[in-house]
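See below for the structure under consideration.
The values are calculated or read from the model by the stated rules, or taken from the named source; none is laboratory data. Keep in mind that this is a model prediction, so the values were computed, not measured. Cβ sites come from the backbone with ideal geometry, for glycine too, and all protein chains shown count toward neighbours. Quick note on the areas: whole protein, heavy atoms, side chains included, nothing else; ligands and nucleic acids left out. Shrake-Rupley method; radii C 1.70, N 1.55, O 1.52, S 1.80 Å.
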Amino acid sequence: EEGQQQIVMGDLQNIKLIGSDTNGQFTLIEQYNEPGFGIPPHVHENEDEVFQVLSGQLEITVGGKTSTLTAGDIAFCPRGIPHGFKVTGEEKARVMLSVFPSGIEKMFGELAHLPPGPPDLEKVGEICGRYQITFLK
């Protein structure tokens, strides 16, 4: 349970390591979400991501290929390649997200401060755009 807990557009995050902990090399975030939660397809220009499922089930699409991950499975999402995910199955999914290099924690911090309720997609797009992350239509 150590780390900084926050909710980012419904994503329950526990930030374990940030850039100042890793000499800017990576950010480590534990996610714990209900079935049905997901992030639509998007592209990172600056970061690679690794999703490691600790429990539950995650459907992930990377570059048009969809896979279902369960405990112990890992998926790599390279920068510049569209990807998205959704928690599937009957139980919450606990996922460790590693992001290389660090810095995305700053964006998540900004998003966590948006008011509760349905997200203002224009504001979300503006924040993400400053970090070179684009959502696909």
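The table for this structure:
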| read-out | value |
| --- | --- |
| Odd one out for Glu49, checked against (1) assigned to a strand (DSSP E or B); (2) charged (D, E, K, R); (3) farther than 15 Å from Ile133 by Cβ | (3) |
| Enumeration of residues in segment 66-101 that are free of Cβ contacts under 8 Å to residues at least 60 places away in the same chain, surrounded by 16 or more Cβ atoms within 10 Å (Cβ to Cβ) and part of a strand (DSSP E or B) | Leu69, Ala75, Cys77, His83, Gly84, Phe85, Lys86, Val87, Thr88 |
| Test: residue in segment 113-134 that is within 16 Å of Asn14 (Cα to Cα), touching a helix residue (DSSP H, G or I) at 6+ places or on another chain (Cβ under 7 Å) and open to solvent by 30 Å² or more (accessible area, probe 1.4 Å) | no |
| Criterion: in a strand (DSSP E or B), touching a Phe, Trp or Tyr at 6+ places or on another chain (Cβ under 9 Å) and modelled with pLDDT under 95 - qualifying residue of Ile39, Ile29, Ile15, Ile7 | Ile39 |
| Any hit, segment 32-42, residues being open to solvent by less than 70 Å² (accessible area, probe 1.4 Å), touching a residue at least 40 places away in the same chain (Cβ under 8 Å), closer than 17 Å to Cys77 by Cβ and touching a Cys at 6+ places or on another chain (Cβ under 9 Å) | yes |
| Tally of residues being more than 21 Å from Phe135 (Cβ to Cβ) and open to solvent by 40 Å² or more (accessible area, probe 1.4 Å) across segment 55-65 | 1 |
| Residue within segment 107-128 that is assigned to a strand (DSSP E or B) and of a type outside the set (Val, Ile, Thr) present | no |
| Residue within segment 14-21 that is closer than 26 Å to Leu136 by Cβ, touching a residue at least 40 places away in the same chain (Cβ under 8 Å) and either within 12 Å of the chain's Cα centre (by Cα) or open to solvent by less than 10 Å² (accessible area, probe 1.4 Å) (or both) present | yes |
